[in-house]
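The values are calculated or read from the model by the stated rules, or taken from the named source; none is laboratory data. Bear in mind the structure is a predicted one, so any value in this text is a computation, not a measurement. Methodologically, a virtual Cβ is constructed for each residue, glycine included, from the backbone with ideal geometry; neighbour enumeration extends over all protein chains shown. Side chains are part of the model used for accessible areas, which takes the heavy atoms of the whole protein and leaves out ligands, DNA and RNA. Shrake-Rupley method; radii C 1.70, N 1.55, O 1.52, S 1.80 Å.
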Amino acid sequence: EPAAPKMYYNGEPAIGIAVSMEDGGNILKLGDDLKAEIGKIQQDMPVGLEIHQVSDQPSVVAESIHDFVEAIVIVLAVSFLSLGFRTGLVVAGCIPLVLCGTFVVMYAVGIDLHKVSLGSLIIALGLLVDDAIIAVEMMSVKLEMGNSRFDAACYAFRATAKPMLTGTLITCCGFIPVAFAKGMASEFCSALFPVIATALLLSWIVS
């Protein structure tokens with residue numbers, strides 16, 4: 001029986017086949033395997049039939065990974081340019097520590113690396129350096145006032161730990177509606193809250 005609604009590609013009647021990855025798979029490897037399989041199928045296609053790829057989610061994820069790396073480079077560059085080398089080095093050191101901890105938590109709770117989780121990391125990336133900047137700037141001010149390194153570090157912890165934790169928790173609370181929302185949008189964006197909350201809380205601990 002004819003399908004309703006009918007599918008068209010470039011104005012021509014078409015049959016759509018969707019391939020979905022199982023949980024825990026590598027979508028980039030899936031993309032490579034699909035391209036290889038399509039190449040094999042095209043060699044034996046009957047005359048008058050063509051095969052085309054309408055949507056390519058692996059390439060979207062690959063672009064998201066590129067954007068994520070680009071965001072890290074931009075944050076590091078801005079940190080070094082605006083804070084100086086030594087202070088920027090402290091802030092730069094926090095980023096891999098927080099990201100490694102976040103990846104461990106994501107693996108433990110079963111959150112895969114996909115477009116939404118990568119987007120969450122990019123959002124968190126601009127926020128997770130705030131705590132480190134506040135702490136190191138407070139230490140810098142105290143060092144300029146003549147305090148020793150140990151006293152400056154202790155004062156920075158005492159003066160900024162609670163306010164930074166409060167600000168971090170308030171920021172995390174802004175994403176709670178996404179975590180408890182209902183419907184299709186929440187199904188796709190469910191990783192947004194846990195990834196951002198994990199990254200920000202770990203950034204406070206590292207700072």
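Regarding Gly88, is this residue assigned to a helix (DSSP H, G or I), closer than 30 Å to Asn26 by Cα, open to solvent by less than 60 Å² (accessible area, probe 1.4 Å) and not β-branched (Val, Ile, Thr)? Step through it out loud before you land on a result.
Values: assigned to a helix (DSSP H, G or I): yes; closer than 30 Å to Asn26 by Cα: no; open to solvent by less than 60 Å² (accessible area, probe 1.4 Å): yes; not β-branched (Val, Ile, Thr): yes.
For Gly88, the condition - assigned to a helix (DSSP H, G or I), closer than 30 Å to Asn26 by Cα, open to solvent by less than 60 Å² (accessible area, probe 1.4 Å) and not β-branched (Val, Ile, Thr) - is not met.
Could you please give the count of residues in the stretch 166-197 that are among the polar types (S, T, N, Q) and open to solvent by 30 Å² or more (accessible area, probe 1.4 Å)?
Residues flagged as among the polar types (S, T, N, Q) and open to solvent by 30 Å² or more (accessible area, probe 1.4 Å) within the stretch 166-197 amount to 3.
Of the residues Glu37, Glu70, Glu1, only one is open to solvent by 70 Å² or more (accessible area, probe 1.4 Å) and modelled with pLDDT under 80; which? Spell out the reasoning first.
Working: Glu37 fails: modelled with pLDDT under 80; Glu70 fails: modelled with pLDDT under 80.
Exactly one of Glu37, Glu70, Glu1 is open to solvent by 70 Å² or more (accessible area, probe 1.4 Å) and modelled with pLDDT under 80, namely Glu1.
Right, Phe157: within 26 Å of the chain's Cα centre (by Cα) and open to solvent by 70 Å² or more (accessible area, probe 1.4 Å) or not? No: the conditions fail for Phe157.
Conditions (1) in contact (Cβ under 8 Å) with a residue 40 or more places away in the chain; (2) touching a strand residue (DSSP E or B) at 6+ places or on another chain (Cβ under 9 Å); (3) assigned to a loop (DSSP other than H, G, I, E, B); (4) under 25 Å from Val104 (Cβ atoms), marked per residue:
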site	(1), (2), (3), (4)
Thr171	yes, no, no, yes
Pro177	no, no, no, no
Lys182	no, no, yes, no
Pro194	yes, no, no, yes
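When each of Asp130, Asp112 is tested for being part of a loop (DSSP other than H, G, I, E, B), in contact with a helix residue (DSSP H, G or I) (Cβ under 9 Å, 6 or more places away or on another chain) and surrounded by 14 or more Cβ atoms within 10 Å (Cβ to Cβ), the lone residue that passes is Asp112. Among (1) on the phi > 0 side of the Ramachandran plot; (2) in contact (Cβ under 8 Å) with a residue 60 or more places away in the chain; (3) not hydrophobic (A, V, I, L, M, F, W, C), where does Ser117 come up short? With respect to (1) on the phi > 0 side of the Ramachandran plot; (2) in contact (Cβ under 8 Å) with a residue 60 or more places away in the chain; (3) not hydrophobic (A, V, I, L, M, F, W, C), Ser117 is out only on (1).
Each row is one residue, and each column tells you yes or no for (1) in contact with an Asp or Glu (Cβ under 8 Å, 6 or more places away or on another chain); (2) touching a residue at least 60 places away in the same chain (Cβ under 8 Å); (3) open to solvent by 70 Å² or more (accessible area, probe 1.4 Å); (4) in a helix (DSSP H, G or I).
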{"residue": "Gly31", "(1), (2), (3), (4)": "yes, no, no, yes"}
{"residue": "Leu49", "(1), (2), (3), (4)": "no, no, yes, no"}
{"residue": "His66", "(1), (2), (3), (4)": "no, no, yes, yes"}
{"residue": "Leu81", "(1), (2), (3), (4)": "no, no, yes, yes"}
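Could you say which residue among Thr198, Thr166 is out of contact with any helix residue (DSSP H, G or I) (no Cβ under 6 Å at 6 or more places or on another chain), assigned to a helix (DSSP H, G or I) and more than 19 Å from Ala92 (Cβ to Cβ)? Talk me through it step by step, then tell me what you get.
On the way: Thr198 fails: out of contact with any helix residue (DSSP H, G or I) (no Cβ under 6 Å at 6 or more places or on another chain).
The match here is Thr166.
If you go through the stretch 4-27 one residue at a time, do you hit one that is in a helix (DSSP H, G or I) and open to solvent by less than 100 Å² (accessible area, probe 1.4 Å)? Among the residues of the stretch 4-27, at least one is in a helix (DSSP H, G or I) and open to solvent by less than 100 Å² (accessible area, probe 1.4 Å), which makes the answer yes.
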